[in-house]
Amino acid sequence: MDKLYLYGLSHLFMTVFLHNFSTHMVIPAITDVTMAALCPGEDECSLAIYLTGFQQAMVGLGTLVMMPLLGNLSDKYGRKTIITLPMILTIIPIGILSYSRTKEFFYIYYVFKILISMVCDGSVPCLALAYVADNVTEGRRATAFGILSGIGSAAFVCGTLSTRFLSAAQTFQVSTLVAVIAAVYMLVFLRDSIIDENNLSTPILTAEKPAATKIEAKPKSNVQLFQALRSLQDLASFLTGSLTITQAAIVAFFSNLADAGLHGSMLYYLKAQFHFDKNQFADLMVISGVTGTVSQLVLMPILAPILGEARLLSIGLFFGCIHMFLYSIAWSSWVPYASAMFSIVYVFAQPCIRSIVSKQAGSHEQGRAQGCISGICSVAHIASPLVFSPLTALFLSEKAPFNFPGFSIMCIGFASMISFAQSLMVKVVPPILS
């Protein structure tokens, strides 16, 4: 990477780092806070699992509509203008828990978290990807997406590691402070890549002329705001515009179905099975985050040009399946730590999906492309808790039909296996230029 390449995106990288640091550092603590508020003194709580699943489903429903909409609006009004909204709103829920974590305040947090996440969840990474696509040529895009994911993983490591040495109250207070700093930094330093409506995408990293449009665009006449609200129609039309995009969308759906299921179930499973608490969760996430960061910042820039995104995607999903199956049959408390090491490979999947889709969209449609794929991911986030939360609650309770606490995690692994099988069929071919 040359210095111009890194300097042009440095403020975006810092914004993403601070935002992810703030949001990720509360993850190890939120399970303990939820259990303490709803089922104090217990290691298994079906109510907590169901509430987490309901939150995931509602957030997925909201982002299904909002991600394509925010992507479209960022194409028209600029990435920085639209990214300001989630950067500011996400301060509110963590600010509530930084004040108090009693049952009453937890429910207030829960309501605000759902409402705000329905609008904002995933929008910062989505718009950051579109920002990178605006300003990086196609040949460097997979590597740039990998670096962006690596920055997010580095923030994940730093955030979860700091949680290891803080109390629950201090964790949420520091998270709130960092979220405020992230919003201020973004407003002051981040330069918008959108210039005006007649010149939507102006790269800041290269003097090359923009590539020809790859997906036929509608004329840029006086488009009214209500037309941008037709996000579901945009989602359907985009996904049917290319076989490669359709295949990538299927992979994204089942991959995120598995990821969302694992995210909603794993911590409760480990707490019930091995009595893990905030500190063990943080240790586990640090291991996963460190290996993922090294992989995305070091290995992916080397392997992506050699193997290509499609092959790297399949490799990542294959090891993701092994990762989930190991969790499901964990026979000792050290097995989850060993399983977390597989993140050195399975973290390839999401950047590769985004890069494949990005190359099928024109320079003026990167926000729409990333927003539509995020919409597909949101569908998975709606479906996942409806399937896996009841399954997890059942097999962690005394009413389980047979003794297999990790059965829901194994089912999640099978969902990931479907995405792996579909990834083998993805053929990345250059679309016909319009």
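Report those helices (runs of 4 or more DSSP H) wholly inside the stretch 14-101 carrying at least 2 residues which are charged (D, E, K, R) and more than 24 Å from ASN279 (Cβ to Cβ).
Of the helices (runs of 4 or more DSSP H) lying wholly inside the stretch 14-101, those with at least 2 residues that are charged (D, E, K, R) and more than 24 Å from ASN279 (Cβ to Cβ) span 46-77, 79-89.
To keep it simple, each residue is scored yes or no on (1) without any contact (Cβ under 8 Å) to a residue 60 or more places away in the chain; (2) more than 18 Å from the chain's Cα centre (by Cα).
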{"residue": "LYS80", "(1), (2)": "no, yes"}
{"residue": "PRO93", "(1), (2)": "yes, yes"}
{"residue": "SER123", "(1), (2)": "no, no"}
{"residue": "THR137", "(1), (2)": "no, yes"}
{"residue": "ILE151", "(1), (2)": "no, no"}
{"residue": "THR163", "(1), (2)": "no, yes"}
{"residue": "VAL178", "(1), (2)": "no, yes"}
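With respect to SER237, determine if the residue is modelled with pLDDT under 70, small (Gly, Ala, Ser) and open to solvent by 50 Å² or more (accessible area, probe 1.4 Å).
yes
Tell me, yes or no, whether the stretch 114-125 has at least one residue that is assigned to a helix (DSSP H, G or I) and among the polar types (S, T, N, Q).
yes
Within the stretch 72-87, is there a residue that is acidic (Asp, Glu), farther than 25 Å from LYS271 by Cβ and open to solvent by 20 Å² or more (accessible area, probe 1.4 Å)?
Looking for residues that are acidic (Asp, Glu), farther than 25 Å from LYS271 by Cβ and open to solvent by 20 Å² or more (accessible area, probe 1.4 Å), one finds none in the stretch 72-87, hence no.
Filter the stretch 111-152 for residues that are open to solvent by 20 Å² or more (accessible area, probe 1.4 Å) and either touching a strand residue (DSSP E or B) at 6+ places or on another chain (Cβ under 9 Å) or among the hydroxyl-bearing types (Ser, Thr, Tyr) (or both) and give the result.
Listed by number, the residues that qualify are THR137, SER149.
Of all residues being open to solvent by less than 40 Å² (accessible area, probe 1.4 Å) and of a type in the set (A, V, I, L, M, F, W, C) in the stretch 157-176, which is nearest to LEU129 (Cα to Cα)? Just the residue, please.
VAL157
Would you mind finding the one in THR23, THR63 that is modelled with pLDDT under 80, under 21 Å from the mean Cα position of the chain (by Cα) and of a type in the set (Val, Ile, Thr)?
Going through THR23, THR63 in turn, the sole match is THR63.
PHE318 is checked against (1) at pLDDT 85 or above; (2) more than 20 Å from the chain's Cα centre (by Cα); (3) open to solvent by 10 Å² or more (accessible area, probe 1.4 Å) and fails just one. What number does that condition carry?
(2)
Within the stretch 21-32, does at least one residue satisfy the condition of being in contact with a Cys (Cβ under 9 Å, 6 or more places away or on another chain), crowded, with 23+ Cβ neighbours inside 10 Å and more than 24 Å from ALA130 (Cα to Cα)?
Checking the stretch 21-32: at least one residue is in contact with a Cys (Cβ under 9 Å, 6 or more places away or on another chain), crowded, with 23+ Cβ neighbours inside 10 Å and more than 24 Å from ALA130 (Cα to Cα).
This table checks each residue for (1) outside any helix (DSSP H, G or I); (2) more than 15 Å from the chain's Cα centre (by Cα); (3) at pLDDT 80 or above; (4) not hydrophobic (A, V, I, L, M, F, W, C).
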| position | (1), (2), (3), (4) |
| --- | --- |
| ALA361 | yes, yes, no, no |
| GLU365 | no, yes, no, yes |
| GLN370 | no, no, no, yes |
| SER374 | no, no, no, yes |
| ALA380 | no, no, yes, no |
| LEU386 | no, yes, yes, no |
| SER389 | no, yes, yes, yes |
| THR392 | no, yes, yes, yes |
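For the condition closer than 22 Å to VAL387 by Cα and more than 18 Å from the chain's Cα centre (by Cα), what is the one hit in ILE108, ILE49?
From the options ILE108, ILE49, the qualifying one is ILE49.
For the stretch 88-110, enumerate the residues that are surrounded by fewer than 20 Cβ atoms within 10 Å (Cβ to Cβ) and small (Gly, Ala, Ser).
GLY95, SER100
The values are calculated or read from the model by the stated rules, or taken from the named source; none is laboratory data. Keep in mind that what you see is a predicted model, and the values were worked out from it rather than measured. Please note: Cβ atoms are built from the backbone with ideal geometry, for glycine as well, and neighbour counts cover all protein chains shown. Keep in mind that these areas ignore ligands, DNA and RNA; they rest on the heavy atoms of the full protein, side chains included. Shrake-Rupley method; radii C 1.70, N 1.55, O 1.52, S 1.80 Å.
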